[in-house]
Amino acid sequence: MTLLLQNGLPEADVIGLDFCAPLLARAKARGVRKTVEGDALNLPFPQHSFDLVTLAFGLRNFADRPKGLSEIYRVLQPSGVFALLEFSPPPFPWKFFWNFYLFYFMPWIAQLLSRQGDSFRYLARSISQFPAPSDLCHELHQAGLKLLFTRSMSLGLVRLTVTRKI
Ligand SMILES: C[S@@+](CC[C@H](N)C(=O)[O-])C[C@H]1O[C@@H](n2cnc3c(N)ncnc32)[C@H](O)[C@@H]1O
């Protein structure tokens, strides 16, 4: 996401943030110019710093989702945009197959190939515990972020949600 923004908006000041230093080092190696090691629950930026905040597959991992959303709200300019890309539980009957794949097949394969079964069990749990689209919209609205549009992607497994600071 950071690379796409950096390449697509060459005049913009694009910053990639994570609290995991090795992940930032890999981003740098792939060409991300500006990175900041920091906690999304306590962003190291003044209020109204950004026109756009994007978050890809990260909100699911936040220890305190409302706090993370309130930080995003704080650093956005008035009318700034927040775009979220995150896994989403697919509708019935796909949910049944998806859960089987997530909780049994994927951890089994991961354990077999890389001894990383536990990481994939965590991934499965975090995806299944993430709020459904309507509940997520409610949380975003509570945080002061008004829904602009939402788009289901990858057969409903991923959802793009774009909001604007009220
Ligand atoms: C599944 S990875 C996604 C990484 C990247 N956005 C991508 O799409 O490739 C989730 C990332 O969220 C980061 N993360 C989780 N909680 C965070 C927090 N409070 N502050 C900063 N980063 C956080 C983790 O370190 C991890 O790199």
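Bear in mind that the values in this text are calculations on the coordinates, not laboratory data. None of the values given here were measured: they were computed from a predicted structure. Virtual Cβ from ideal backbone geometry, glycine too; neighbours counted across all protein chains shown.
Quick notes on this structure:
- P(r) for the chain, from all Cα pairs and a bin width of 10 Å, is 10, 33, 36, 18, 3 %, short bins first.
- Residue-wise HN-Hα coupling along region 23-29, computed from phi with Karplus coefficients 6.51, -1.76, 1.60 (Hz; x: Gly, Pro): 5, 5, 4, 5, 4, 4, 4
- When 163, 2 are sorted by how many other C-beta atoms sit within 10 angstrom of their C-beta, beginning with the fewest, the order is 2, 163.
- Put a dot 7 Å past the Cα of residue 148, heading toward its Cβ, do the same for residue 126, and the two dots end up 2.6 nm apart.
- Sites residue 99 and residue 12, calculated FRET efficiency, Cβ-Cβ separation with R0 35 Å, nearest 0.05: 0.35
- For region 134-166 versus region 57-116, the gap between their alpha-carbon centres in whole angstrom: 13
- Long-range HN-HN contacts of residue 158 with modeled amide H, under 5 Å: 88, 153
- Compared with the rule-of-thumb size 2.2 N^0.38 Å for a compact globular protein, region 90-129 has a Cα radius of gyration ratio of 1.15.
- Multiplying the residue separation of residue 28 and residue 112 by 0.36 nm and removing their Cα-Cα distance gives an extension gain of 27.2 nm.
- Selection from 4, 120, 20, by position along the positive dipole direction of the chain (Cβ): 120
- Those lysines that a straight Cα-Cα span of less than 18 Å connects to residue 165, excepting residues fewer than 8 apart in one chain: 67, 146
- Helical contribution to [θ] at 222 nm, DSSP H n ≥ 4, -39,500 (n - 2.57), averaged over the chain, rounded to 500: -11500 deg cm²/dmol
- The modelled label-to-label distance between residue 51 and residue 21, using points 7 Å beyond Cα along the C-beta direction, is 3.4 nm.
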